[in-house]
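Below: one structure in structure tokens.
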Amino acid sequence: MLFRTLIRVKTATDAATDVTDAVHEALRECVIKEGTCHLYLPATTACLALNENDALLLRESGLTKGEKEM
């Protein structure tokens, strides 16, 4: 079984955007209870990093915390 959804995120340059809530919402809509969740970024200048949402980590990486705008 396959479930596919599109999550659109508005971002700022050099900002980290937390998409956790959007991914959780997509998983809640899915009828599949077990499996793997794949996140795909079609943009060539995008980056997906899996980190704790920690202010010190963001500051050390030179990023700012972006607004949660979806």
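The values are calculated or read from the model by the stated rules, or taken from the named source; none is laboratory data. These figures come from a predicted structure and were not determined experimentally. All Cβ positions, glycine included, derive from the backbone under ideal geometry; neighbour counts span all protein chains shown. Side chains are part of the model used for accessible areas, which takes the heavy atoms of the whole protein and leaves out ligands, DNA and RNA. Shrake-Rupley method; radii C 1.70, N 1.55, O 1.52, S 1.80 Å.
Might you tell me the accessible area per residue for the chain, computed with a 1.4 Å probe and given in Å²?
Heavy-atom SASA per residue in the chain reads 94 Å².
Can you give the FRET efficiency to the nearest 0.05 for residue 43 and residue 2, using r as the Cβ-Cβ distance and R₀ = 35 Å?
Once the sixth-power term is evaluated, E becomes 0.95.
Right, here's the next one. Which distance in nm do the two modelled labels at residue 31 and residue 14 give, with both placed 7 Å along the Cα-to-Cβ direction?
For residue 31 paired with residue 14, the spin-label model returns 4.8 nm.
So what is log10(I(q)/I(0)) for the range 2-67 at q = 0.19 1/Å, when the Debye sum runs over its Cα atoms only?
So the normalised log intensities are -0.85.
Something else about it: How far apart, in nanometres, would the label points at residue 23 and residue 59 be if each is projected 7 angstrom from Cα along the Cα-to-Cβ direction?
Placing both labels 7 Å beyond Cα along the Cβ direction yields 2.5 nm.
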